[in-house]
Amino acid sequence: MELTVCIITKNERERLRSCLQALQGQEVEIVVVDTGSTDGTKEMVSDYTDRIFDFVWQDDFSLARNYAASKASHDMIMMLDSDEYVQEMELSALAKAIEEHVGMVGRIRRINLLDRDGEQQEISEYISRIYDRRYYHYEGRIHEQIVPKVVAAEENSKDYKAFQTDVVVRHDGYCGSEAELKAKVERNISLLERELEEKGEDPYLCYQLGKSYYVAKDYTAAVTAFDRALSQDLNPKLEYVIDMVQAYGYSLLKSGQTKRALSLEGIYEEFGDTADFRFLMGLIYMNNGLFDRAVEAFLSAAKVKEAYTKGANSFLAYYNAGVICECLEDYERARKYYTACGDYPRAKERLAAIGC
């Protein structure tokens with residue numbers, strides 16, 4: 001299969017090494033574009049590919065990504081970041097999927113690793129990363145998106161058809177040191193605010209701004225940014241909108257706006273089919289002292305087959321239901337729900353504490 005994996009990087013030598021190692025054994029071309037590393041990145045990359053290029057950073061991720069794609073020997077591009085590692089990729093299956101969806105953009109599943117409340121969590125999302133450079137390119141200074149190179153004047157739309165692939169990558173970009181995260185977040189916020197000044201109130205950019213503040217643990221600022229996005233006309237079926245509603249709810253809770261968070265009950269019809277939203281509502285009810293409704297929401301989340309956040313439809317849901325029952329001194333039900341958590345460490349600790 002003629003596929004080029006393109007990566008832009010700067011001073012992420014060890015993460016990039018892991019990224020490149022994960023591609024070993026895959027018959028793909030690898031293009032790496034360095035935007036000014038001083039940590040020996042380029043020397044390390046030479047052990048994996050001779051397709052290494054320099055690019056002067058211009059505060060614009062799209063420019064760098066499009067430059068990387070221009071250096072590929074093949075038209076079919078798969079874009080990766082230095083902190084993403086291919087976990088599953090069967091090239092024959094991918095080639096077949098591309099052949100069956102000519103002119104469309106391929107989506108991969110990315111598993112984001114996050115440190116949250118003293119635990120590492122896994123949150124999955126599907127993102128567009130595989131495209132034909134003859135028909136598509138990137139636009140946007142930051143949190144750039146794949147768009148068609150030519151937009152029909154009568155349609156005035158940058159939408160495109162996408163298909164889902166079996167490619168899975170793991171992403172640990174949110175698991176760095178406090179200093180690394182702070183520098184990354186400050187850079188992102190600066191670029192997003194600059195982009196918003198240039199383009200005006202764009203809901204997707206406001207969403208990304210809110211997410212950046214959320215990562216920085218500035219939850220009040222995150223709520224303000226999400227409010228800006230949610231005040232606009234949005235499609236509740238878009239994945240970023242679904243994710244934004246989740247992040248908005250957590251930001252409200254973490255900023256102490258628990259009563260206001262109850263307003264999310266009003267959008268249950270649009271978002272209540274996901275385990276993650278039901279789990280979030282459980283937390284909102286719990287923080288507002290509505291314990292019976294909280295348990296009901298958690299158990300409802302556990303009935304959904306899939307979840308974006310690992311455990312939201314299983315051990316995390318049962319654990320929180322168990323905590324509530326234990327606090328209400330309903331130890332029989334607490335044991336039942338803690339047991340349903342399987343090997344989840346926190347549940348095993350509570351079982352030991354109350355006697356299993």
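The values are calculated or read from the model by the stated rules, or taken from the named source; none is laboratory data. The structure displayed is predicted, hence computed values, not measured ones. Here Cβ is always computed from backbone atoms with ideal geometry, including for glycine, and neighbour counts include all displayed protein chains.
A few points about this structure:
- Some residue of the stretch 325-333 being of a type in the set (Phe, Trp, Tyr) and within 22 Å of Tyr250 (Cβ to Cβ): no
- Each residue in the stretch 280-304 was checked for being closer than 17 Å to Arg260 by Cβ, polar (S, T, N, Q) and either in a helix (DSSP H, G or I) or under 25 Å from the mean Cα position of the chain (by Cα) (or both), and 1 of them qualify.
- In the stretch 11-29, the residues that are over 14 Å from Gly176 (Cβ atoms), in a loop (DSSP other than H, G, I, E, B) and in contact with a helix residue (DSSP H, G or I) (Cβ under 8 Å, 6 or more places away or on another chain): Gln26, Glu27, Val28
- Among the residues of the stretch 232-259, those identified as farther than 18 Å from Tyr308 by Cα and either modelled with pLDDT under 95 or basic (Lys, Arg) (or both) are Gln232, Asp233, Leu234, Asn235, Lys254, Lys259.
- When Arg65, Arg51 are checked against the criterion of being touching a Lys or Arg at 6+ places or on another chain (Cβ under 8 Å) and within 16 Å of Met78 (Cβ to Cβ), a single residue qualifies: Arg51.
- Residue within the stretch 240-256 that is among the acidic types (Asp, Glu), more than 16 Å from the chain's Cα centre (by Cα) and on the phi < 0 side of the Ramachandran plot present: no
- Unmet requirement for His74, which otherwise passes all of (1) modelled with pLDDT under 95; (2) surrounded by 14 or more Cβ atoms within 10 Å (Cβ to Cβ); (3) not hydrophobic (A, V, I, L, M, F, W, C): (1)
- Residues in the stretch 183-238 that are among the polar types (S, T, N, Q) and not in a helix (DSSP H, G or I) were compared, and the one that is surrounded by the fewest Cβ atoms within 10 Å (Cβ to Cβ) is Asn235.
- Filtering the stretch 224-239 to residues that are within 15 Å of Lys211 (Cβ to Cβ) and under 18 Å from the mean Cα position of the chain (by Cα) leaves Ala225, Phe226, Ala229, Leu238, Glu239.
Results for (1) outside the structural domain of Lys237 (by TED's automatic domain parsing); (2) closer than 27 Å to Glu329 by Cα; (3) of a type in the set (Phe, Trp, Tyr), shown as yes or no for each residue.
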site	(1), (2), (3)
Thr274	no, no, no
Phe279	no, yes, yes
Arg293	no, yes, no
Glu296	no, yes, no
Ala302	no, yes, no
Ala307	no, no, no
Lys310	no, no, no
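- Filtered residues of the stretch 311-343 (kept if in a loop (DSSP other than H, G, I, E, B) and either at positive phi or crowded, with 18+ Cβ neighbours inside 10 Å (or both)): Gly311, Ala312, Asn313, Ser314, Glu329, Ala340, Cys341, Gly342
- Residue that is nearest to the chain's Cα centre (by Cα), among those in the stretch 102-130 that are of a type in the set (Lys, Arg) and either surrounded by 13 or more Cβ atoms within 10 Å (Cβ to Cβ) or not assigned by TED's automatic domain parsing to the domain that holds Ile8 (or both): Arg110
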